[in-house]
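The values are calculated or read from the model by the stated rules, or taken from the named source; none is laboratory data. All of these numbers come straight from a predicted model, not from anything done at the bench. With ideal geometry, Cβ positions are generated from the backbone for all residues, glycine too; neighbour counts draw on all protein chains shown. Note: accessible area is taken over every heavy atom of the protein model, side chains too, but ligands, DNA and RNA are not part of it. Shrake-Rupley method; radii C 1.70, N 1.55, O 1.52, S 1.80 Å.
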Amino acid sequence: MTSAPISANTSTQPTITPPFWLLAELTYRCPLHCVFCYNPLNYAAIENELTTAEWIKVMREARQLGAAQLGFSGGEPLMRDDLEELVDEAHRLGFYTNLITSGVGLNEKRIQALKTAGLDHIQLSFQDSTQEMNDFLSSTKTFELKKRVAALIKQYDYPMVMNVVLHRHNLPHIDKIIEMALSLEAEYVELANTQYYGWAMKNREHLIPSHQQLIEAEAIVNQYREKIGKTCKLLFVVPDYFENRPKACMNGWGSVFLGVGPDGAALPCHNAREIPGLDIPNVRDHSMREIWYESKAFNFFRGYEWMQEPCRSCDEKSKDFGGCRCQALMLAGDASKTDPVCSKSPDHGVIEKIIHMAGQTEKKPDPVFPLIFRSDKNSLELTSEK
């Protein structure tokens, strides 16, 4: 069931079409401690998770708006005991459902229950092709468990969809990562270079690769594409910092993506909590329709009126919408500025300096300051620093 597009109240605002993708971040709890996690740095201070009934209300209202795809994410969504019930309701509503998981907690009993409930798709993450690096990057002993989960996914007739976040430490192993994926009979592998938000931003100097590393890794991916044909689809996502033009953030702010955090915060993008002045709405206080069409947060960067130069005059603004708002905030100090990734940005020099330093760091030992692993202790300490 979908709603017809409606226009916002003033003629200067764009026509607002219904959302397509609902991301349900069921919990920020997670047994892994990944150094590149995109969850908020202060996640440990975000409490009072939505109840089962509240999540069902969110799903029903989002479906009435027109949302068709639903991702169950986190943290680790399997830490919610009601996951199967939520999947069952989502299936009844007509969503195409995707479980985004580390695999921890997915045993045969649960995958059988999820299959019965109507779950359509499972995306399983690995950190590397070796036990040593996989377990180091997540600060857990999970490599062998993930391989068992991969076998379960195949056993229950799901497509084997694998995600690996890439960075300086595992890019040199890209061939071994692909070989591992093929050995697990993966049909689809997302080789997603780290995007620098949340914990990845805190650890950027440890994680950012050199330009040469990226070039070499992409060449290997292309060689495998020719070699394996349609056996397995390989998607190689270049990090924003190494592009000359920014990506369209969430395919356009308030355009297709509607995220809901564990505490009910409705988010136009994963990192929107960090942007000052948005007045993030909560699903406990407002309907999904009110949030999508009327809230300040979802209307803040819609259209072009908010843009500064050079975006406002750029003939590519309808393609990239000025790039990522959170990246503009982090790198240029203002979420309304042009994403510094863009070569036209007056702040593009910031990116060039970071890439130059990454090339220098590759020739030297890692930075002297330690990696900050995602943990409740680190989250609370980082929260108290603000």
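Side notes on the structure shown:
- Here is the figure for the stretch 281-334: residues that are among the small types (Gly, Ala, Ser), closer than 20 Å to residue 62 by Cα and out of contact with any helix residue (DSSP H, G or I) (no Cβ under 8 Å at 6 or more places or on another chain) total 1.
- Set 143, 136: member being within 29 Å of residue 222 (Cβ to Cβ), open to solvent by 40 Å² or more (accessible area, probe 1.4 Å) and without any contact (Cβ under 8 Å) to a residue 40 or more places away in the chain: 136
Residue by residue, here is whether (1) surrounded by fewer than 16 Cβ atoms within 10 Å (Cβ to Cβ); (2) in a loop (DSSP other than H, G, I, E, B) holds:
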position: 278; (1), (2): no, yes
position: 285; (1), (2): yes, yes
position: 289; (1), (2): yes, no
position: 292; (1), (2): no, no
position: 302; (1), (2): no, yes
position: 306; (1), (2): no, yes
position: 313; (1), (2): yes, yes
position: 318; (1), (2): yes, no
position: 329; (1), (2): no, no
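- Of all residues assigned to the stretch 217-228, none qualifies as being modelled with pLDDT under 95, open to solvent by 30 Å² or more (accessible area, probe 1.4 Å) and either part of a helix (DSSP H, G or I) or over 17 Å from residue 164 (Cα atoms) (or both).
- Residue ID - modelled with the lowest pLDDT, chosen from residues in the stretch 342-386 that are within 25 Å of residue 76 (Cβ to Cβ) and of a type in the set (A, V, I, L, M, F, W, C): 382
- Candidates 108, 61, 54, 47 - the one that is in contact with a helix residue (DSSP H, G or I) (Cβ under 8 Å, 6 or more places away or on another chain) and farther than 24 Å from residue 163 by Cβ: 61
- Matching residues, the stretch 162-180, being open to solvent by 10 Å² or more (accessible area, probe 1.4 Å) and within 21 Å of the chain's Cα centre (by Cα): 163, 165, 168, 169
- For the stretch 94-112, residues that are open to solvent by 40 Å² or more (accessible area, probe 1.4 Å), of a type outside the set (Ser, Thr, Tyr) and farther than 22 Å from residue 144 by Cβ total 1.
- The residues of the stretch 181-205 that are surrounded by fewer than 22 Cβ atoms within 10 Å (Cβ to Cβ) and over 19 Å from the mean Cα position of the chain (by Cα), listed by number, are 182, 183, 184, 185, 187, 205.
- Among the conditions (1) surrounded by fewer than 21 Cβ atoms within 10 Å (Cβ to Cβ); (2) outside any loop (DSSP other than H, G, I, E, B), residue 244 misses just one, which is (2).
- Taking the listed residues 119, 106, the one that is within 30 Å of residue 293 (Cα to Cα), at pLDDT 95 or above, in contact with a Leu (Cβ under 9 Å, 6 or more places away or on another chain) and not hydroxyl-bearing (Ser, Thr, Tyr) is 119, with no other qualifying.
- Filter result for residue 333 (within 19 Å of residue 257 (Cα to Cα), open to solvent by less than 70 Å² (accessible area, probe 1.4 Å), small (Gly, Ala, Ser) and within 24 Å of the chain's Cα centre (by Cα)): no
- Taking residues in the stretch 291-307 that are under 11 Å from residue 258 (Cα atoms), and partners anywhere that are of a type in the set (S, T, N, Q) and open to solvent by less than 20 Å² (accessible area, probe 1.4 Å), not one pair has Cβ atoms closer than 8 Å while being at least 6 places apart or on different chains.
- Residue match in the stretch 148-168 (condition: closer than 28 Å to residue 43 by Cα and in a loop (DSSP other than H, G, I, E, B)): yes
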